[in-house]
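Engineer: Have a look at this one before I ask anything.
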Amino acid sequence: MFDKRIKLVVLIMAMFVWSHPCLAQTITKFHAPPGAYATSWVGNSFGGNGGPNGYGYWVQEGANAMDVSPDGTVLVGVDWDEAGRCAGLYKDGKTNRVLLKAENLKGGEGAWGWNTGNHAVAFLGDHIYIANTGKKLLKFSWTIGILNSAKFETAVDTPDMAIGMAARKQELAILYPKDVEIRKASDMSVIQSFPINGAKGITIAPDGSLWIIKAKSVLRYTQEGDFSGVKVSGIGNPTVVAFDNRGRLIICDNGPRQQVLFYDVRHSPKLVRAFGERGGILSGVPGVVTAAKLFALRGAGTDSKGNVYVCMNFGNGPNGNMLLRSYSPNGKLRWQLGCFSFVDTFGFDPNSDGQTVYSRTAVFHLDLKRTSPGSEWRLIGISLNPLKGSNDTRAKYGCTAILRRLNGHRVLYTIGQYAGGYDIYTFDNPKGYLAHRVNGIHGDNQWAWYVDKNGGIWNGDGPNQTIRYFPFDGWSGMHSPIYDWNNPHIWKWPKGWQLVRRVMYDSSTDTLYLTGYLDGQNVETWGVAGATARRYDDWLKGWRKLKWTIDLPRDGNTGKQGPLTPQAVDIAGKYLFAGMVMPNDGKQLVHVMNLSNGEYVGSFSPGNSTGEGWGWEDMPYAIQAIKRKNGEYLLLVEEDWRGKNLLYRWRP
């Protein structure tokens, strides 16, 4: 089941020391932990392997725009993907390995992803057009249907950042915040333009007319900018327009319907098809995923055979995730690909024995009988209501998701890249997955937070160098967990602490763990876990006995700050896990220490199935660990470089 245990090659020549009141030991190299471990991943259809920077297989981290080629290739654009896949090509459940790049442009890199970051893309025969966020219109040639064939040709300036684009009959229609331009596809020169305000989507009909989204309607214009008097009204929230292979107008209705609507517009517009279950992810058991339930509609189109393609994203680029589906003409799911991770860390449902995982927006089932990397996970739920997402911080920012079961009810806690406390969510239906915010606690420049298994919230860097504890006090009549924010249990920092950066509490042993900096230690940077960890026994009993002190490992950073301390720590079973800020020799390490005495046990390093490069751990809570009933340990680790969470499976 597991990778053959092999010794880890020395990854860095850094050193860390652990100490005990009676003894100390120096570790001069890192090695694999005892037993066997395997590397997998959760949250992306592909693991990120296939090459170094600029090459590889993963689904991009978000979607702002989409177009479909008649052959069935889908082009998805986004303004930011951490590893630069801002224009992804997808066909038959596969993606391109060679990324689209417009390198060496005059003026340098004005958009992320080798100048391809965008809000507007289009196919036109054997050419691809990208209107990037740096006010450039890019033109690529490609061999139709060959995913790795795109080659950059040329670029021209645009007057503003485009928010939409369509192509047909050797013409491009480009939508800006206040204007529409018609350009020749051949040399991208401007034919004509006209002013327009409040538009948010554009497409070109087979007869050359323009259909433009304004407010809750889609209006027909001539290419000269004259409104024809024809419109489709009463759409809940139209987000995208296109035309299908039969000349029907497609409108993505991201309002209460959550459907893709098809209109015959040859005469007076007439609705002829509503694709997807009415109400989308809100229908049936809310949040439970099925092939017929759509949500957060960001794009739709068809190929020449009538296959339907739908792209979903909660907005805000890579923070909004991405799910791309292909359906047969009669609505049967053909394939789907997705990415549900950016600057995110997922969390385990403690009642599931590691088989259910929550992100800030989604829920996954892990089939832990599977052993092929990346095969364990599948999407089962969406927790973010697409009708309320724009007002929910989960749609705006990446975060760590922590799931607790309190008196039989699920509670989701989220904490962001700069920590500062929790937003607290409960679930609308006991069998569903949609969650809404009910409470929260926040504090500026406070990094040390923890939710214990009983729902108690700990803050290790409270005001005036204090540790604060807010017990879970039951449920209110409004189905909200009760916390007395004004009357926490408070203790001064134990002797010797200059700065506390992380706190963890094990209620089964009444043990508190603190990490940070002791008096006299150098605080090398903001946000990291710190140089030292200490264990205190019998904390709530009042004894608060110091059991051990250890120096935490450091990474291979060679910058002016020097090697950095860990970014994230967590406890599970018998072990303390510490994830590093930066990769060492290209490997993102997680170190393991024994909770009984602080001894170094070993280090995890990701396998090649998850890529040939790994990003920083950006999140202060970038690790979540659990011990299963069979003794196996599971660790989820943030990996935003190619949009996933690493999953380590370890049998000591």
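The values are calculated or read from the model by the stated rules, or taken from the named source; none is laboratory data. Given the structure is predicted, the values throughout are model-derived calculations rather than measurements. Please note: Cβ atoms are built from the backbone with ideal geometry, for glycine as well, and neighbour counts cover all protein chains shown. What goes into the accessible areas is simple: the full protein's heavy atoms, side chains included, and nothing from ligands, DNA or RNA. Shrake-Rupley method; radii C 1.70, N 1.55, O 1.52, S 1.80 Å.
Engineer: Take segment 601-652 and flag every residue that is polar (S, T, N, Q) and within 23 Å of the chain's Cα centre (by Cα).
Structural biologist: Correct list: SER605, ASN608, SER609, THR610, GLN624, ASN645.
Engineer: If we keep just the residues of segment 355-369 that are among the polar types (S, T, N, Q) and open to solvent by 10 Å² or more (accessible area, probe 1.4 Å), which is farthest from the chain's Cα centre (by Cα)?
Structural biologist: Filtering segment 355-369 for residues that are among the polar types (S, T, N, Q) and open to solvent by 10 Å² or more (accessible area, probe 1.4 Å), the one farthest from the chain's Cα centre (by Cα) comes out as GLN355.
Engineer: Within segment 102-130, track down each residue that is under 16 Å from ARG168 (Cα atoms) and either open to solvent by 50 Å² or more (accessible area, probe 1.4 Å) or part of a strand (DSSP E or B) (or both).
Structural biologist: ALA120, VAL121, ALA122, PHE123, LEU124, ASP126, HIS127, ILE128, TYR129, ILE130, listed by residue number.
Engineer: A further question follows. Considering each of SER480, SER383 in turn, give the residue that is surrounded by fewer than 22 Cβ atoms within 10 Å (Cβ to Cβ) and either without any contact (Cβ under 8 Å) to a residue 24 or more places away in the chain or of a type in the set (Gly, Ala, Ser) (or both).
Structural biologist: The conditions single out SER480.
Engineer: State yes or no: is TYR469 surrounded by 13 or more Cβ atoms within 10 Å (Cβ to Cβ) and outside any loop (DSSP other than H, G, I, E, B)?
Structural biologist: Taking the combined requirement at face value, the residue satisfies it.
Engineer: Would you point out the residue of segment 375-386, among those that are aliphatic (A, V, I, L, M) and out of contact with any helix residue (DSSP H, G or I) (no Cβ under 7 Å at 6 or more places or on another chain), that is farthest from GLY320 (Cα to Cα)?
Structural biologist: Among them, the one singled out is ILE380.
Engineer: Considering only segment 34-44, I want to know if a residue exists there that is at pLDDT 95 or above, closer than 24 Å to ARG378 by Cα and part of a loop (DSSP other than H, G, I, E, B).
Structural biologist: Looking through segment 34-44, at least one residue is at pLDDT 95 or above, closer than 24 Å to ARG378 by Cα and part of a loop (DSSP other than H, G, I, E, B).
Engineer: Can you spot a residue in segment 389-399 that is farther than 22 Å from ALA296 by Cβ, open to solvent by 40 Å² or more (accessible area, probe 1.4 Å) and not charged (D, E, K, R)?
Structural biologist: no
Engineer: Would a scan of segment 173-181 turn up a residue that is surrounded by fewer than 21 Cβ atoms within 10 Å (Cβ to Cβ), in a loop (DSSP other than H, G, I, E, B) and either aliphatic (A, V, I, L, M) or touching a residue at least 24 places away in the same chain (Cβ under 8 Å) (or both)?
Structural biologist: The answer is no; no qualifying residue exists.
Residue-by-condition table, conditions (1) modelled with pLDDT of 95 or more; (2) open to solvent by 30 Å² or more (accessible area, probe 1.4 Å); (3) in contact with a helix residue (DSSP H, G or I) (Cβ under 9 Å, 6 or more places away or on another chain); (4) not in a loop (DSSP other than H, G, I, E, B):
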{"site": "TYR513", "(1), (2), (3), (4)": "yes, no, no, yes"}
{"site": "TYR517", "(1), (2), (3), (4)": "yes, no, no, yes"}
{"site": "GLY520", "(1), (2), (3), (4)": "yes, yes, no, no"}
{"site": "VAL528", "(1), (2), (3), (4)": "yes, no, no, no"}
{"site": "ARG534", "(1), (2), (3), (4)": "yes, yes, no, yes"}
{"site": "TRP539", "(1), (2), (3), (4)": "yes, no, no, no"}
{"site": "ARG554", "(1), (2), (3), (4)": "no, yes, no, no"}
{"site": "GLN567", "(1), (2), (3), (4)": "yes, no, no, yes"}
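Engineer: I would also like to ask the following. Filter segment 371-413 down to the residues that are part of a loop (DSSP other than H, G, I, E, B), out of contact with any Phe, Trp or Tyr (no Cβ under 8 Å at 6 or more places or on another chain) and either within 28 Å of ASN237 (Cα to Cα) or among the hydrophobic types (A, V, I, L, M, F, W, C) (or both) and list them by number.
Structural biologist: Correct list: ASN385, LEU387, LYS388, ASP392, TYR397.
Engineer: For segment 574-628, which residues satisfy the criterion of being in a strand (DSSP E or B), in contact with a Pro (Cβ under 9 Å, 6 or more places away or on another chain) and open to solvent by 10 Å² or more (accessible area, probe 1.4 Å)?
Structural biologist: Hits for segment 574-628 are TYR575, LYS587, TYR600, VAL601, ILE626.
Engineer: Regarding segment 228-240, can at least one residue be identified that is farther than 15 Å from TYR263 by Cα and more than 35 Å from the chain's Cα centre (by Cα)?
Structural biologist: Yes, there is a match, as at least one residue in segment 228-240 is farther than 15 Å from TYR263 by Cα and more than 35 Å from the chain's Cα centre (by Cα).
Engineer: Additional query: Can you pull out the residues in segment 483-509 that are open to solvent by less than 10 Å² (accessible area, probe 1.4 Å) and among the charged types (D, E, K, R)?
Structural biologist: Matches in segment 483-509: ARG502 only.
Engineer: Within segment 131-161, track down each residue that is open to solvent by less than 30 Å² (accessible area, probe 1.4 Å), in contact (Cβ under 8 Å) with a residue 40 or more places away in the chain, under 25 Å from GLY317 (Cα atoms) and in a loop (DSSP other than H, G, I, E, B).
Structural biologist: Passing the criteria: LEU147, ALA150.
Engineer: Just to verify a result, which residue in segment 85-101, among those that are in contact with a Gly (Cβ under 6 Å, 6 or more places away or on another chain) and not in a strand (DSSP E or B), is nearest to CYS311 (Cα to Cα)?
Structural biologist: CYS86
Engineer: Which of the residues spanning segment 301-317 are open to solvent by 10 Å² or more (accessible area, probe 1.4 Å), at pLDDT 95 or above and farther than 20 Å from PHE243 by Cβ?
Structural biologist: Result: PHE314, single match.
Engineer: Quick check: anything in segment 240-252 assigned to a strand (DSSP E or B), out of contact with any helix residue (DSSP H, G or I) (no Cβ under 6 Å at 6 or more places or on another chain) and not hydrophobic (A, V, I, L, M, F, W, C)?
Structural biologist: Within segment 240-252, none of the residues are assigned to a strand (DSSP E or B), out of contact with any helix residue (DSSP H, G or I) (no Cβ under 6 Å at 6 or more places or on another chain) and not hydrophobic (A, V, I, L, M, F, W, C).
Engineer: Looking only at segment 479-537, how many residues end up being over 26 Å from LYS627 (Cα atoms), among the β-branched types (Val, Ile, Thr) and out of contact with any Ser or Thr (no Cβ under 7 Å at 6 or more places or on another chain)?
Structural biologist: Qualifying residue count, segment 479-537: 3.
Engineer: Restricting attention to segment 225-237, does a residue exist that is out of contact with any Ser or Thr (no Cβ under 9 Å at 6 or more places or on another chain) and closer than 24 Å to PHE314 by Cβ?
Structural biologist: Scanning segment 225-237 turns up at least one residue that is out of contact with any Ser or Thr (no Cβ under 9 Å at 6 or more places or on another chain) and closer than 24 Å to PHE314 by Cβ.
Engineer: Additional query: Taking segment 214-236 only, how many residues are surrounded by 13 or more Cβ atoms within 10 Å (Cβ to Cβ) and at negative phi?
Structural biologist: 14
Engineer: Does TRP543 satisfy the criteria of being of a type in the set (Phe, Trp, Tyr) and more than 29 Å from the chain's Cα centre (by Cα)?
Structural biologist: So TRP543 fits the description; yes.
Engineer: Answer yes if at least one residue in segment 436-455 is without any contact (Cβ under 8 Å) to a residue 24 or more places away in the chain, farther than 24 Å from GLY542 by Cα, in a loop (DSSP other than H, G, I, E, B) and open to solvent by 10 Å² or more (accessible area, probe 1.4 Å), and no otherwise.
Structural biologist: Scanning segment 436-455, I find at least one residue that is without any contact (Cβ under 8 Å) to a residue 24 or more places away in the chain, farther than 24 Å from GLY542 by Cα, in a loop (DSSP other than H, G, I, E, B) and open to solvent by 10 Å² or more (accessible area, probe 1.4 Å), so the answer is yes.
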